[in-house]
Amino acid sequence: MKKFLTLLLIAVLSITSTPFADDEETELPVNISNNSYYAGFRLGTWISSGDTPPPLLYSADSSEQILTDISDANFYAEGYFGYRLTSKLYTEISFGMSNRGTVEVRNFDYNTYDLNNLIVYPILLQLKVYPFGTATSKIQPFIAGGGGIYYGRNTVQLTNDYFYTYRIEQGESATDFNYTIAGGFDYLMSSTLSLELHARYAPIKFPDGLLTVEDYSATTITVGLKYRYNSKK
């Protein structure tokens, strides 16, 4: 994961260091508040601070055996969009995904086999504060907070069950409405592009559990590429 983030950083810097024809368009803005909107993506790691599903589970009637291979550190990706409310305050909506690992379900009564993925989807709305948003600086630290929906699902990917499409239960899911807090900084590479280092804590609690576990809390550490722009008049 560290190697991946390093390569991503090098690739982004090499792209944005390419000279442009119009020098005026590549000058750094006076401050980050020159742009009303931004959109981008973040890639990094999901670090679990909650509980981990046990490696072996059985259904209540012992007809199914469930084998899990869930990691505490996983790849994380998300896309996001932001809108400037004031010179130092933005609102941001983000859609993320982390594949926590694989789940194998074997039914002894019907001799069926399912291969699943345990995936968590955070859908968040936050307020993002840049304390020095009006200052002339390439580096702009920020803090953020908000909340949203954390949706977890044990999703069937492969199966040998002929009647799978007729099942009522096609995987297990859980939902939590909870808060989030975050921090990091933007590095302004041009008048429209920023590189972002972002860390976020998510206290995820599934009340009814998912694979017998309620606590799926995690911290995400990501590097993002952001495009800042203004609406056309």
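From the Kirkwood radius over Cα pairs of segment 47-127, Stokes-Einstein at 4 °C and 1.567 mPa s returns a whole-number translational diffusion coefficient of 84 µm²/s.
When peptides 130-139, 186-195 are sorted by average Cβ neighbour count within 10 Å, with the highest value leading, the order is 186-195, 130-139. Here's the picture: charge each Lys and Arg Cβ at +1 and each Asp and Glu Cβ at -1 in segment 35-229, and of 188, 135, 76 the one pushed furthest to the positive end of that dipole is 135. In percent, rounded to a whole number, the relative contact order of segment 62-151 is 27, using alpha-carbon pairs under 8 Å and six or more apart. Summary of packing: across the peptides 112-123, 45-56, the per-residue average of other C-beta atoms within 10 Å ranks them, highest first, as 112-123, 45-56. The slack in the chain from residue 127 to residue 71, taken as 0.36 nm per residue of separation less the alpha-carbon distance, amounts to 17.1 nm. Translational diffusion coefficient of segment 35-229 (Stokes-Einstein, Kirkwood radius from Cα pairs, 25 °C, 0.890 mPa s): 134 µm²/s.
Ranking request for peptides 147-158, 90-101: highest mean number of other beta-carbon atoms within 10 Å first, then the rest in descending order. Don't jump to the answer; show the numbers that get you there.
Working: 147-158: 17.5, 90-101: 19.1.
Peptide ranking by packing, descending: 90-101, 147-158.
Computed from the coordinates by the stated procedures, all read-outs in this text should not be read as laboratory data. All figures in this text were calculated on a predicted structure; none of them were measured in a lab. For neighbour counting, all protein chains shown are included, and Cβ atoms are generated from backbone atoms with ideal geometry for every residue, glycine included.
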